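The values are calculated or read from the model by the stated rules, or taken from the named source; none is laboratory data. None of the values given here were measured: they were computed from a predicted structure. Note that each Cβ is placed from the backbone with ideal geometry, even for glycine, and that neighbours are counted across all protein chains shown.
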């Protein structure tokens, strides 16, 4: 058993979880929307990337540049057609609507691609690794670069939200949408941008996941749960908290898997429940959940 | 010249009608007061001018044009800014950022960050403070400053004195003439009549969604105001 | 000024009595089939009754208490495994074990609720799901011979009980469904029900009037888990074999439940019943039709749930009410009769 290695691998996976979680955090933060189809959008993007690669023979890394703009459009479309109608209404309709969407997406994928798992082949790059501490710790080059990209995405996003005019409007809308409207903020377009960001980041996470492990049509719900746990562990409304939440979840899972492969998810969930009991506002959260 | 003219306005929320046949006039550069008891429809009147309440019937003419069918942000672009009841500043934004959102419409004019800080010196040393850490008076100053950043021609002030200490209210009202000096017209809505009446040239009193009294504050007696305010002792 | 000479307050109306009679006839018809020998029909009645209970309970949580749960499969699975433990492990008669197993689940639901209630709204929803996953994984990793880990196990039916199992189970299912629906009705008519709806409509307001919103909701959560596991135990006396991945599956339990309630009408007593019946009729029709593969049916369910949540918020019962405002099977509202006039609580 190699604890240090488990922790390192956990941190690297945590970066991926944070990327899943970012979109959930943004859409809840800006429009108080909980999208149960979040994970299915990630899986769907990975399938589209896979189809693109099979059809053109190009590398999955190039597929990213095709799929991401597409997912931004999908995000705007979904916001305009579906989610604008459930923002601000009784949350039970929100949950039912996004749950219905989730079931529909999962089964469209199942029908289209059957139940067989797929993977995105990144070739030689996926096998390269760095060895540390006398070969005891092996860091895959791909997981490392994926972690770096995840952090980069979070840095860009927090600069966008913290420093730009639209980012300020994001936060103002989150605080008080009615007054933001009075100040001339077009909240519909703010919502569309927020949702485009949510779908784009989760699509990138889905593709990155597919480059390392197999994925299948039914994976979405598990990804949603990982994203959700990362957000709550880190604390709502804090992107860096989300990164830490993802890392904590990742470490808990890899340590659980070291003890017994069947415990990987269970230990992750238990850590989440403990945080919820001990510190319901999350580790970096300032406010109680409302 | 008339800047704002409200003609026979009826308005409300969904099934509930709050205003009945209200008419009001405001000249460019003037300040008027709208007084009345809790629930008389004062806030609804300001909100329907700002565009966040459904107008059932009637006209609102701003600068010679009807604005009834315009969205709130389009009215803001023409120069109508609301300081909402309860201040409603953006709590998780800093003071500086709140002012930036106020300038979101990019309307040009004399007002900018520096002038707001000069007029409200209490805000100048708090620029990077999160707005939910401000005192009530500072929050109210910020709410007014935020509205001024859109360079309004008409500033709608909803219950500025609500929940503030008298000394703070006095301080805020002392600043208002400086705002008028930039050519901005004002409508005050207050439950506390004295402040509002002393700061305006003309006053309307609302009772149950209708104008129960209007006139120059100097022409109105205490008794007249009391009866129009509470709806008692009026001979019809 | 008109003087009111005669007035009376009542809940029942002529239409409500007619609708209740129709419902009663349906129950008798089901009892008639239960006493017969047609196992296929009996199986369908059991499934329908089980889902009427599950849907009514989800509706009690979400529609009446604002507790949006997508983790009802936790209580289905727990109900199934409590039954297994009591029957196979302890050796209690399978029929007599149904109620005790539901009581056990109700007790387990208390600590689960303490965790879930840390979250609100949409996040409460995902939280209930995580809890269901945790319970599934714990069961799946339990290597004891009674539980049977990931491969699951089967309810052992003694020789003496083998004949007539379908008949008895059908009777139990009908009884559980009737009791659940009547319970929901009486519960909502009670003082407790009024508190519940005031909390849902305006939590702060209800609190300021002295309603302990946390306690009211917690009780509902426990009650819902009791009835949900009661129905689940009944279901597994028919189905016999239990696997963790199936018993704790969100897709086979909570998904149809939500679809049923949203089609029938969230927040009404009648909605879940209508939704469950409709769902079964459509699924029966679809299973005979080759065009509808399993995924196609599920895509349609998802889309229908989405469309109802966006555009038909009151469900089918809501649409009917718009056409026939006096329609009601379970009158909760009080009506005031003054001479020839009639007012309901909304003042219409």
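Numbers for the structure displayed
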| quantity | calculated |
| --- | --- |
| Per-region count, region A:106-115, residues assigned to a helix (DSSP H, G or I) and more than 8 Å from chain C (Cβ to nearest Cβ) | 3 |
| Residues satisfying the stated conditions in region A:198-225, i.e. within 11 Å of chain C (Cβ to nearest Cβ) and crowded, with 24+ Cβ neighbours inside 10 Å | A:217, A:224 |
| Verdict on residue A:87 being modelled with pLDDT under 85, within 14 Å of another protein chain (Cβ to nearest Cβ) and crowded, with 17+ Cβ neighbours inside 10 Å | yes |
| Residue A:79 within 14 Å of chain C (Cβ to nearest Cβ) and either surrounded by fewer than 20 Cβ atoms within 10 Å (Cβ to Cβ) or over 30 Å from residue A:12 (Cβ atoms) (or both) | yes |
| Exclusive hit being in a loop (DSSP other than H, G, I, E, B) and touching a residue at least 12 places away in the same chain (Cβ under 8 Å), set C:176, C:146, C:168 | C:146 |
| Residue within region A:3-23 that is part of a loop (DSSP other than H, G, I, E, B) and out of contact with any helix residue (DSSP H, G or I) (no Cβ under 7 Å at 6 or more places or on another chain) present | no |
| Only one of C:92, C:126 that is over 19 Å from the mean Cα position of the chain (by Cα) and within 12 Å of chain A (Cβ to nearest Cβ) | C:126 |
| Filter pass, residue A:74 being modelled with pLDDT of 90 or more and in a helix (DSSP H, G or I) | yes |
| Helices (runs of 4 or more DSSP H) wholly inside region C:245-338 that include at least 1 residues being touching a residue at least 12 places away in the same chain (Cβ under 8 Å), within 11 Å of another protein chain (Cβ to nearest Cβ) and more than 24 Å from residue C:66 (Cβ to Cβ) | C:294-311 |
| Set A:47, A:52, A:61, A:65: member being touching a strand residue (DSSP E or B) at 6+ places or on another chain (Cβ under 8 Å) and part of a helix (DSSP H, G or I) | A:47 |
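Quick grid of which residues meet (1) surrounded by fewer than 19 Cβ atoms within 10 Å (Cβ to Cβ); (2) away from chain A (no Cβ under 14 Å); (3) under 24 Å from residue A:99 (Cα atoms); (4) touching a helix residue (DSSP H, G or I) at 6+ places or on another chain (Cβ under 9 Å):
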residue	(1), (2), (3), (4)
C:72	no, no, yes, yes
C:77	no, yes, yes, yes
C:83	no, yes, no, yes
C:107	yes, yes, no, yes
C:111	yes, no, no, no
C:132	no, no, yes, yes
C:140	no, no, no, yes
C:166	no, yes, no, yes
